[in-house]
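Asks: Below is the structure I would like to discuss, written out as C-alpha cells.
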Amino acid sequence: MTTPALANAPTDVVHISGMAYGADGAYVHTGDFYSDMPVYTLDHNGTIWSLYQRNNGRWYVDFNEVSDDYDGTIAIGPAADLPWLAAWDQADDVASPVDSVVLGGAPYTSQTTGVYTFTGATHNGKPVFEHQGGGRTWSLYQRSNGRWCLDFNDVSDDHDGTVALGPLADMPYEGVWDNANMAVSSTAAIEISGAPYTSLTTGTYTFDGQTIYNNAPVFQRQSGNYTLSVYKRSGTGRWYLDFDDVDEQWAGTIGVGAIEDAPTRGEWDNANMLVVDSATTLLPQRGRYDFGTFAGGSDCREIEFAVPFDGDDVRMQVSIDHANGPGVHDAATLWVEAVDRYGARVCARETSNFDLAHDANLSVSYLAYRRGAVIDGDTGRFEDTDGFTGTGNHCNTVSFHQTFAVPPIVQATITHPNNYGADNDAMSVWLEEVGTSDFKVCVRETSDMSADHGAYAIDWLAHEPGAWPFYGADESGVDDVPAFEGTTCFDYLFDATYTDVPQVFVTADHRDDGANHDAVTVWLEALDTVGFTACVRELASAGNPGSNAGGAHNDQLQLAWTAVGNR
C-alpha cells in the first residue's frame, strides 16, 4: 500500500456554499497538503479557489497561493479537524462533505422517503437538506442542541412540525435515530470491486430508502439468481457482504467490514476489496472513441463526456488500442487538447516511418477523472509553460505527492490544456528512472514536425502493482521488452476474462535506466476481453532524429500498462 506524504484526506470532495465572488461548488482534494491537512481546490471561470487549513488551525477559502498570508482570503472557517465540524465566521457560509443524503423509514413514509439535497442554506452552522413530498417541504437539519431532526415546518429550533429526532453528531448519518425503523445514508449507492466471486459481486449496490436493518441502510444488488446485500449486523456492529437473508447468521457471508457508520469507511477483511461511496467518491468516466479513417497529417476529434464533471480540473489518460480491427497497424502518436468538464479534443498522427494515413480501425481508450477520483495511488500534471526549442529529447523530473513502497506503475499522456485548436505538433512521451518518490518524463517531436514546441503538459497517474487506482476490476503490469528493430509486438493475457472490452493504457517506461533513450511510440492491437497485443517502434526511420540506425532499441525498455474494466 502507498504511504501518503502527511495524512489521508478524510473525503475527496467538500461542498462549499455562501461564498462571495461565486466561489461555491465542489472542492476536490488535490493530493497536496498544507499544515499537515489536505488542500481542496475549485476551478471556477479560470480562477483556482483553495480550501485549506492554516497553521492557526482554522480553515480558509482563498484565491491566492496556499499560505498563511491573508491576501486572497474570502472566507474564514472553524478551528477544527474538518471544515464542516463547526460554524464559519459568516452565518451564510457552510461546508458539507456531501451534497445529498438518503432518508428512509420515517413517519409519513410515502412523503418522507427519498433524497434530501443540500440547499446551500445553514442552521446553527450546519448544512440544511430538503426533500419535496406530498406537497410539503421536508427539512433535515441540526438544531442548537446538536441533534438532527426531520421537520415539515420552518427550519428553526421550534419543535412544531418535527416528525423524527436524530443523533447528536456532525452529520445526520453518523449515528442512530430515535425511530428504530429509520435510517439516513450518506449515499444512495456504493460500488464494490475485488470481493470474492468477482463476476457476481462487482458492481453497484443501492439503498432503496426502505430496506433497513439495525438502524442502518441495506444496500443490495441483483446478480443472476442471487440478491447480494451489504448491511450491518447487531451482534458485532460490523458491515457484511452476504448472498443469503439479511440477518445475524453467518451463512452466505462473503466479506466482513469495519465497525463504522458506513460500509465505505474502514478496512474490509479482504485486502483486495474496494467499497466506495458513489456520492462522495469522484468516479472517473471511461470510454472508447472510434476515429475511423484519416487521410494524412494530424487528425483531431471531439470527445464529449457522458455526464459533465462538476469542475474543470479534469485530467485524461488516452491510448491507441485498435480494438475494432485485426492486423499490425502503422505507428501513431496521440495527444489531448483542451480538456474541460464537458469533453476534450483528442489528436493522432502517424510517424514519419509511414504514409501518415490510417485505416478505419484506429480507436482510442480514454479515462477522464478529477484528481479526487484516485482511490489508491497518485495523480498530477507536469506543465512546461515555456515549451522547448531545438531538436532532441526534452526530459524533466516529476515528484510524486507521496512516497511509494515500491516504484509504481506510471501512465502518462501529453495534453495541451490551453491550446485548443492550435494545430499542435505531434510528440511522443516516455518515462525514465521511475522511483518511489519521483520519475523522469521525456518528450520528443516526430521528425516531420518543426524543431520547436510551445507550452504543453503531461497528465500522469501512478499506482503500485496490484493496487487499483480507480473503481473497477483493474489489473496492471510492467513487462520487459527485448531489444528490437522496426515494429515489434508482444501478446498479453489478462488474469481473468472481462465482461466487456476494458480500457487499457500503456506507457513506454525505462524505469531502471536514465540513459536519455531514443523516442518510441507505443500502441495496442487486437484488444479484447481476454488480452491485447502491445506494439512498439522508434519514432523515426533510420538515420532521422529520434532513432538509432535501423530503428534499433536496446533491451532496457519496459511497458507499464493499466486495464480498467468490469468482470
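Asks: Cut-off 17 Å, label point 7 angstrom out along Cα-to-Cβ of Asp495: give me the residues of region 194-211 whose amide nitrogen falls inside.
Replies: In region 194-211, the label zone of Asp495 (backbone N under 17 Å from the point 7 Å along Cα→Cβ) covers 194-203.
Asks: Grab the other residues whose beta carbon is less than 13 angstrom from that of Gly146, score K and R as +1, D and E as -1, and report the net.
Replies: Working: positive: Lys126, Arg143, Arg147; negative: Asp157, Asp170, Glu174.
The answer is 0.
Asks: Using only alpha carbon positions, build the gyration tensor of region 100-185, then give the equivalent ellipsoid semi-axes as the square roots of 5 times its eigenvalues, largest first, whole angstrom.
Replies: Working: eigenvalues 53, 42, 30 Å².
Here the semi-axes work out to 16, 15, 12 Å.
Asks: Label-point separation (nm) for Thr385 and Asp452, each offset 7 Å from Cα along Cα-to-Cβ?
Replies: With each label placed 7 Å out from Cα toward Cβ, I get 1.9 nm.
Asks: Here is a further query. Please work through the chain and write down the cysteines that have no neighbouring cysteine Cβ at a distance under 4.7 Å.
Replies: So, Cys149.
Asks: Summing -39500 (n - 2.57) over the DSSP H runs of n ≥ 4 in the chain and dividing by its residue number, what mean residue ellipticity at 222 nm do you reach, to the nearest 500 deg cm²/dmol? Before the final figure, lay out each step's value.
Replies: Working: 2 runs with 8 residues, N = 567.
That comes out to 0 deg cm²/dmol.
Asks: Next question. Can you list the HN-Hα couplings for region 214-227, worked out from phi with the Karplus curve (6.51, -1.76, 1.60; θ = phi - 60°), rounded to whole Hz and with x for Gly and Pro?
Replies: Karplus-based 3J(HN,Hα) across region 214-227 equals 6, 6, 9, x, 10, 9, 9, 9, 8, 9, x, 8, 10, 9 Hz.
Asks: May I ask for the longest run of the chain untouched by GluC sites (Glu not before Pro) that are loop-located per DSSP and have at most 14 neighbouring C-beta atoms (other than their own) within 10 Å? Present the calculation step by step, with values, prior to reporting the outcome.
Replies: Working: sites that count: Glu65, Glu248, Glu267, Glu485.
That would be 268-484.
Asks: Quick one: dipole size for the chain, taken about the Cα centre, charges +1 on Lys/Arg Cβ and -1 on Asp/Glu Cβ, in debye to the nearest 20. Before the final figure, lay out the partial values.
Replies: Working: 26 positive and 81 negative charges, 238 e Å.
Its charge dipole is roughly 1140 debye.
Asks: Starting from the Cα-Cα distance between Val530 and Asp81, subtract it from 0.36 nm times their residue separation and give me the gain in nm to one decimal. List each step's numbers first, then the result.
Replies: Working: separation 449, 0.36 × 449 = 161.64 nm, distance 4.65 nm.
Contour length minus Cα-Cα distance gives 157.0 nm.
Asks: Treat region 1-134 as a sphere of radius equal to its Kirkwood radius over Cα pairs and apply Stokes-Einstein at 25 °C in a medium of 0.890 mPa s; give the translational diffusion coefficient in µm²/s, rounded to a whole number.
Replies: Numbers: Rh = 15.8 Å.
Once the numbers are plugged in, D ends up at 155 µm²/s.
Asks: Under 19 Å from the 7 Å Cα→Cβ point of Val307, by amide nitrogen: which residues of region 94-131?
Replies: Answer for region 94-131: 97-103, 114-119.
Asks: On to the next question. Give me the distance between the Cα centres of region 180-205 and region 474-520, rounded to whole Å.
Replies: So the separation of the two Cα centres works out to 34 Å.
Asks: With θ set to phi - 60°, apply the Karplus curve 6.51 cos²θ - 1.76 cosθ + 1.60 along region 378-392 and write out the HN-Hα couplings as whole Hz, x wherever there is a Gly or Pro.
Replies: 8, 8, x, 9, 8, 10, 9, 6, 9, x, 8, 10, x, 7, x
Asks: Over the chain, calculate the relative contact order: mean separation of alpha carbon pairs under 8 Å at least 6 apart, over the residue count, as a percent.
Replies: 11 percent
Asks: Across the Cα atoms of the chain, what radius of gyration and what greatest pairwise Cα-Cα distance (Dmax) are found, in Å?
Replies: 25.7, 85
Asks: In addition: Can you compute the modelled spin-label distance between Ser67 and Ala271, with each label point 7 Å from Cα toward Cβ, in nm?
Replies: Taking the simple label geometry, Ser67 and Ala271 are separated by 4.3 nm.
Asks: Chymotrypsin sites (Phe, Trp or Tyr not before Pro) within region 39-88: which are DSSP loop residues with at most 16 other Cβ atoms inside 10 Å?
Replies: Details: sites: Tyr40, Trp49, Tyr52, Trp59, Tyr60, Phe63, Tyr70, Trp84, Trp88; in loops: Phe63, Tyr70, Trp84, Trp88.
Qualifying residues, ordered by number: Phe63, Tyr70.
Asks: Set the Förster distance to 60 Å, then compute FRET efficiency between Gln222 and Thr403 from the Cβ-Cβ distance, nearest 0.05. Provide the component values of the computation, followed by the final result.
Replies: Numbers: r = 42 Å, r/R0 = 0.71.
That gives a FRET efficiency of 0.90.
Asks: While we're on this one: Counting Lys and Arg as +1 and Asp and Glu as -1, what is the net charge of the other residues whose Cβ lies under 13 Å from the Cβ of His394? Show your work: numbers first, answer last.
Replies: On the way: positive: Lys440, Arg444; negative: Asp384, Asp386, Asp425, Glu432, Glu445, Asp452.
Residues close to His394 contribute a combined charge of -4.
Asks: List the relative contact order of region 189-277 as a percent without decimals, with contacts defined as Cα pairs under 8 Å and 6+ residues apart. Please list the in-between numbers first.
Replies: Details: 188 pairs, mean separation 23.1, N = 89.
Relative contact order comes out at 26 percent.
Asks: Then there's this: Near the amide H of Asn179, under 5 Å away, which other amide H atoms are found, from residues 5 or more places off or on another chain, if H is placed in the peptide plane?
Replies: Leu165
Asks: Would you work out which of Ser234, Gln142, Gln556 lies farthest towards the positive end of the dipole of the chain? Charges go on Cβ: Lys and Arg +1, Asp and Glu -1.
Replies: Positive-most Cα among the choices belongs to Ser234.
Asks: To the nearest 0.05, what FRET efficiency results for Arg147 and Tyr108 with a Förster distance of 35 Å applied to their C-beta separation?
Replies: Numbers: r = 20 Å, r/R0 = 0.56.
For R0 = 35 Å, the calculated efficiency reads 0.95.
Throughout, read-outs are computed from the coordinates displayed, never taken from laboratory work. Nothing here was measured: the structure is a model prediction, and the numbers come from that model. Virtual Cβ from ideal backbone geometry, glycine too; neighbours counted across all protein chains shown.
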